[in-house]
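*Asks:* Sharing a structure below in structure tokens format, with a few things to ask.
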Amino acid sequence: MRQSPVLSLAAVGTVAVALALLAFFAIAVLNVQQLTASWGENLAIVAYLDEVPEEAKLKRWVKEIEAYPEVGSVTFVSRAQAFERFRKRLGDDADLVEGLGVEVLPASLEISLAEDHLSEVTVTGLVERLRRDSRFDDLQYGQGWLEKLEAFLLLLRISGSALGGFLVFAALVIVSNTIKLTLYARQDELEAMAMVGGTSLFIKLPYLIEGTLQGVIGGLTALGLSFLVFELILQESLGSLLLITGIDTIHFLPSTWQLFLIACGGLIGLLGSLFALRKFVRYGSA
Amino acid sequence: MVQFFNVSKAYQRDLNALSDINLKVAKGEFVYLTGPSGAGKSTLLKLLYCAERPTRGQILVNGRNITRFGSSRIPLLRRNLGIVFQDFKLLTRRTVYENVSFPLEVQGRKRFEISKKVYQTLKNVGLEHRLNHYPLQLSGGEQQRVAVARALVVDPLVLLADEPTGNLDPEVTLDIMELFKGANARGTTILMATHDRGLIHQFPRRVITLEAGQIATDDLPLVDGFADSM
């Protein structure tokens with residue numbers, strides 16, 4: 001690195017920029033996933049009750065439904081509570097319901113799903129079971145919405161993987177070419193090493209180590225850069241955007257992802273050097 | 001020590017750089033390869049250190065057929081050869097000491113052994129006081145002496161020199177030739193490509209003249225200015 005600082009800097013910079021882009025994308029994907037997961041958490045099946053049973057009976061019903069493995073919790077919402085909620089939701093237009101009695105809204109059981117059962121299949125299954133139960137007048141849940149959420153998450157994961165793969169591949173090609181430039185500058189040295197009997201590994205090893213180091217430094221720089229941007233920009237602008245949707249905070253990459261990013265840098269540097277060296281260390285032509 | 005059997009080398013189809021070369025160089029011999037530019041002198045040397053592969057024929061070095069050597073065996077062959085080029089091919093970012101010690105490091109010799117050997121070799125070429133200089137701080141003659149030291153430090157079986165004095169003035173040329181003579185006297189076989197007829201007359205040895213990729217003449221050492229044809 002000491003011998004060609006500009007080219008080494010270019011290699012480190014390339015890895016840093018590519019991985020920083022990847023890190024930004026990962027931060028976005030992670031936070032969107034978290035956001036949609038929180039939407040999923042709020043997913044509930046509302047079972048409207050034709051008749052409100054007496055308290056002991058109601059408790060038995062609640063316990064009975066809570067015993068289902070896919071159910072997280074069951075909350076009873078009385079007519080009065082439902083009416084109060086509705087009135088609050090109307091806000092300034094609350095006077096529209098003035099004069100109406102609580103009996104206009106049915107009592108209900110709000111059934112939240114267990115965290116590991118937030119899927120379309122489970123919800124549909126549970127709804128089918130409840131539908132067969134004559135105690136419940138009507139059932140409501142986010143039918144089409146859940147399907148769309150699942151499709152969106154899948155699309156996000158696929159596009160994330162594709163874009164990530166593309167970015168890593170682009171970084172690999174650019175790093176390989178940058179390292180090639182470094183090697184052009186040292187072609188005489190490589191040739192001289194081969195002339196005195198240096199084995200391929202003996203000649204390549206220092207360059208492979210150098211490439212890996214450059215990649216690791218690039219990865220660390222990307223991490224620092226993305227953290228800086230996260231702190232200074234993302235938390236401000238994206239944070240306020242997410243507040244609207246009900247998420248009060250956005251998160252940086254977890255430590256395993258950070259390590260993965262640095263390791264990815266090292267791997268890009270190693271593979272980039274390996275590809276570049278293939279054309280340089282040759283012993284003769286046929 | 002070196003044998004060529006019907007060796008041909010073509011870089012392009014129907015354009016032979018070397019054609020049907022048959023040659024035998026005994027252990028401890030000093031052989032000049034001469035001829036006009038493009039005659040095949042450098043190609044012949046390149047075939048010996050496997051920078052090029054023959055299109056046809058077999059080459060033996062120290063009894064081993066190097067024609068079929070794979071890339072993993074080439075470094076081992078080169079460790080037994082000393083190679084000197086017209087343009088020195090020194091590592092400019094390494095000191096004189098590091099340049100000369102490099103072939104020994106490649107061979108995995110011990111540090112103490114390396115320093116002893118390097119110092120001794122640099123003393124032989126008269127550069128022991130330039131250990132810590134970089135090649136570009138030296139004159140052309142001194143750089144070539146470093147290159148010779150790098151070639152000789154491994155006690156090579158064969159020293160291959162491709163126009164080693166081509167860039168040097170006459171006085172420095174004599175110094176380099178004295179180094180080659182000394183190495184030859186210690187038993188190293190030398191093949192030296194040159195088109196300097198004056199040098200050949202001054203240091204008479206066996207002369208192989210190449211013309212258009214073929215051996216035109218193979219003469220025994222000159223005696224009193226005359227050559228005995230083989």
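The values are calculated or read from the model by the stated rules, or taken from the named source; none is laboratory data. Since the structure is predicted, the reported quantities are computational estimates derived from the model, not experimental observations. Note that we place each Cβ from the backbone using ideal geometry, even for glycine, and neighbour counts take in every protein chain shown. These area figures cover heavy atoms from the full protein model, side chains too; ligands, DNA and RNA do not enter into them. Shrake-Rupley method; radii C 1.70, N 1.55, O 1.52, S 1.80 Å.
*Asks:* Residues of the stretch B:78-104 that become at least 40 Å² less accessible with every protein chain present than in their own chain isolated, using 1.4 Å: which are they?
*Replies:* Residues passing the criterion (a loss of at least 40 Å², heavy atoms only) are B:Arg78, B:Lys89, B:Leu91, B:Arg93, B:Phe102.
*Asks:* Right, another one. Restricting everything to alpha-carbon atoms, can you work out Rg to Rh for the protein assembly as shown with a Kirkwood hydrodynamic radius?
*Replies:* With Rg and the Kirkwood Rh in hand, the quotient comes to 1.34.
*Asks:* Sorted from largest to smallest, which semi-axis lengths in Å does the alpha carbon gyration tensor of the stretch B:1-91 give for its equivalent ellipsoid, taking the root of 5 times each eigenvalue?
*Replies:* Result for the stretch B:1-91: semi-axes of 19, 17, 15 Å.
*Asks:* Using R₀ = 45 Å, calculate the FRET efficiency as 1/(1 + (r/R₀)^6) where r is the Cβ-Cβ separation of A:Glu51 and A:Ala151; round to 0.05.
*Replies:* For A:Glu51 and A:Ala151, the calculated efficiency is 0.70.
*Asks:* Compute the longest continuous run of chain A that contains no exposed trypsin sites (Lys or Arg not before Pro); treat a site as exposed when its DSSP state is not H, G, I, E or B and it has at most 16 other Cβ atoms within 10 Å.
*Replies:* With trypsin sites (Lys or Arg not before Pro) excluded where exposed in loops, chain A gives A:136-278 as its longest stretch.
*Asks:* Can you send over the carbon and sulfur percentage of the accessible area for chain A, probe radius 1.4 Å, protein chains only? Can you show the working numbers first?
*Replies:* On the way: 9880 of 15780 Å².
Carbon and sulfur together cover 63 percent of it.
*Asks:* Using the Cβ atoms and a cut-off under 12 Å, what net charge is assigned to the surroundings of B:Val84, where Lys and Arg are +1 and Asp and Glu are -1?
*Replies:* The answer is 0.
*Asks:* Ok, one more. Given a Förster distance of 25 Å, report the FRET efficiency between B:Gln107 and B:Ala185 from their Cβ-Cβ distance, rounded to the nearest 0.05.
*Replies:* Given R0 = 25 Å and the Cβ-Cβ separation, E is 0.55.
*Asks:* Select from A:Val127, A:Ala192, A:Leu154 the residue farthest towards the positive end of the dipole of the stretch A:70-218; place +1 on Cβ of Lys and Arg, -1 on Cβ of Asp and Glu, and compute about the Cα centre.
*Replies:* The one lying farthest along the dipole's positive direction is A:Ala192.
*Asks:* Kirkwood Rh and Cα-based Rg: tell me the resulting Rg over Rh for the stretch A:44-141, rounded to two decimals.
*Replies:* 1.02
*Asks:* Continuing with the same structure: Only four residue types carry charge here, +1 at the Cβ of Lys and Arg and -1 at the Cβ of Asp and Glu. Report the dipole size of the stretch B:122-230 about the Cα centre in Debye, rounded to the nearest 20. Walk me through the numbers before you get to the answer.
*Replies:* Details: 9 positive and 15 negative charges, 86 e Å.
Using only the charged Cβ atoms, the result is roughly 420 debye.
*Asks:* Once ligands and nucleic acids are excluded and a 1.4 Å probe is used, how much of A:Glu231 is accessible, expressed in Å² to the nearest 10?
*Replies:* Approximately 80 Å² of A:Glu231 is accessible to the 1.4 Å probe.
*Asks:* Where the centre of each part is set by its Cα atoms, how far does the stretch A:74-113 sit from the stretch B:61-109, in angstrom?
*Replies:* Each part's Cα centre sits 90 Å from the other's.
*Asks:* At 0.36 nm per residue, and after removing the present C-alpha to C-alpha distance, how many nm does the segment from A:Ser134 to A:Ser159 gain when stretched out fully?
*Replies:* Taking 0.36 nm per residue and subtracting the Cα distance, the gain is 4.5 nm.
*Asks:* Right, here's the next one. What spacing in nm lies between the two simple spin-label points modelled at B:Gln202 and A:Glu64, each 7 Å away from Cα in the Cβ direction?
*Replies:* Distance between label points: 11.6 nm.
*Asks:* Something else about it: Taking the solvent-accessible surface of protein heavy atoms with a 1.4 Å probe, what is the per residue accessible area of the stretch B:147-194 in Å²?
*Replies:* Per residue, the stretch B:147-194 has an accessible area of 31 Å².
*Asks:* B:Asn80 to B:Lys123: FRET efficiency via 1/(1 + (r/R0)^6), r the Cβ-Cβ distance, R0 22 Å, to the nearest 0.05?
*Replies:* Efficiency at R0 = 22 Å is approximately 0.40.
*Asks:* May I ask you to rank A:Ile262, A:Ile203, B:Ile215, A:Ile233 by accessible area, largest first, using a 1.4 Å probe over the protein chains only? Intermediate results must be reported in sequence, preceding the final value.
*Replies:* Working: A:Ile262 35, A:Ile203 0, B:Ile215 55, A:Ile233 95 Å².
Result of the area sort, largest leading: A:Ile233, B:Ile215, A:Ile262, A:Ile203.
*Asks:* A follow-up question, please. Top mean-square fluctuation among B:Ala39, B:Ala193, B:Ala151, Gaussian network model of chain B, C-alpha springs under 10 Å?
*Replies:* Result for chain B, Cα springs under 10 Å: B:Ala39 fluctuates most.
*Asks:* What is the magnitude of the charge dipole of the protein assembly as shown about its Cα centre, with +1 placed on the Cβ of each Lys and Arg, -1 on the Cβ of each Asp and Glu, and no other charges, expressed in debye to the nearest 20? Kindly include the intermediate steps, with their values, before the conclusion.
*Replies:* Numbers: 52 positive and 54 negative charges, 700 e Å.
Using Cβ point charges on Lys, Arg, Asp and Glu, the protein assembly as shown gives about 3360 debye.
*Asks:* Using protein heavy atoms only (no ligands, DNA or RNA), what is the total accessible area buried between B and A, 1.4 Å probe, nearest 100 Å²?
*Replies:* For chain B against chain A, roughly 1800 Å² becomes buried.
*Asks:* Amide H to amide H, which residues 5 or more places from B:Glu211 or on other chains are under 5 Å from it, using H placed in the peptide plane?
*Replies:* Counting only residues 5 or more places away or on other chains, the set is B:Ala216.
*Asks:* Greater than 24 Å separation of Cα atoms is the criterion. Which listed pairs, B:Lys41/B:Lys181; B:Lys117/B:Lys181; A:Lys63/A:Lys148; B:Lys89/B:Lys117; A:Lys204/B:Lys181, meet it?
*Replies:* Where the Cα-Cα span goes over 24 Å, the pairs concerned are A:Lys63/A:Lys148; A:Lys204/B:Lys181.
*Asks:* Which percent of Cα-Cα pairs in the stretch B:117-223 sits in each 5 Å bin, short to long?
*Replies:* Spelled out per bin, shortest first, that is 2, 11, 22, 23, 19, 13, 6, 3, 2, 0.
*Asks:* Over chain A, with a Gaussian network built from C-alpha contacts below 10 Å, which listed residue (A:Ala80, A:Ala185, A:Ala56) shows the highest mean-square fluctuation?
*Replies:* Looking only at A:Ala80, A:Ala185, A:Ala56, the biggest GNM fluctuation is shown by A:Ala56.
*Asks:* Percent of accessible area on chain B owned by carbon and sulfur, 1.4 Å probe?
*Replies:* Working: 5070 of 10660 Å².
Of all accessible area on chain B, carbon and sulfur atoms account for 48 percent.
*Asks:* Along the stretch A:178-185, what does the Karplus equation 6.51 cos²θ - 1.76 cosθ + 1.60 (θ = phi - 60°) give for ³J(HN,Hα), rounded to whole Hz, x for Gly and Pro?
*Replies:* 5, 5, 4, 4, 4, 6, 4, 5
*Asks:* Here's another thing I want to ask about it. Okay, which of the stretch A:169-206 sit inside 18 Å, backbone N to the point 7 Å along the Cα-Cβ direction of A:Lys279?
*Replies:* A:170-191, A:204
*Asks:* Report ³J(HN,Hα) in whole Hz for each residue of the stretch B:176-193, in order, from the Karplus equation J = 6.51 cos²θ - 1.76 cosθ + 1.60 where θ = phi - 60°; Gly and Pro get x.
*Replies:* For the stretch B:176-193, the Karplus curve yields 5, 5, 5, 5, 5, 4, x, 4, 5, 5, 7, x, 7, 6, 10, 10, 10, 8 Hz.
*Asks:* So, one more: Considering only DSSP states other than H, G, I, E and B, which trypsin sites (Lys or Arg not before Pro) in the stretch B:1-52 qualify as loop sites with at most 12 other Cβ atoms within 10 Å?
*Replies:* B:Arg13, B:Lys27
*Asks:* Quick check: pseudo-label points 7 Å beyond the Cα along Cα→Cβ at A:Glu115 and A:Gln34, how many nm apart are they?
*Replies:* According to this spin-label approximation, the distance is 1.4 nm.
*Asks:* State the dimensionless ratio Rg/Rh of chain B (Rg: radius of gyration of Cα atoms; Rh: Kirkwood radius).
*Replies:* Reported Rg/Rh (Cα atoms, Kirkwood Rh): 0.97.
*Asks:* Continuing with the same structure: For chain B, what is the mean residue ellipticity at 222 nm derived from helices alone (per DSSP H run of n ≥ 4: -39500 (n - 2.57); sum divided by total residues; nearest 500 deg cm²/dmol)?
*Replies:* Calculated from helices alone, the mean residue ellipticity at 222 nm is -9500 deg cm²/dmol.
*Asks:* As a test of the formula, what do you get for chain A when each DSSP H run with n ≥ 4 contributes -39,500 (n - 2.57) and the sum is divided by the residue count, at 222 nm and rounded to the nearest 500 deg cm²/dmol?
*Replies:* That comes out to -23000 deg cm²/dmol.
*Asks:* Hey, another quick one. Which residue, A:Gly197, A:Gly13, A:Gly164, has the most motion in a Gaussian network model of chain A that connects Cα atoms within less than 10 Å?
*Replies:* Most flexible of the set in this elastic network: A:Gly197.
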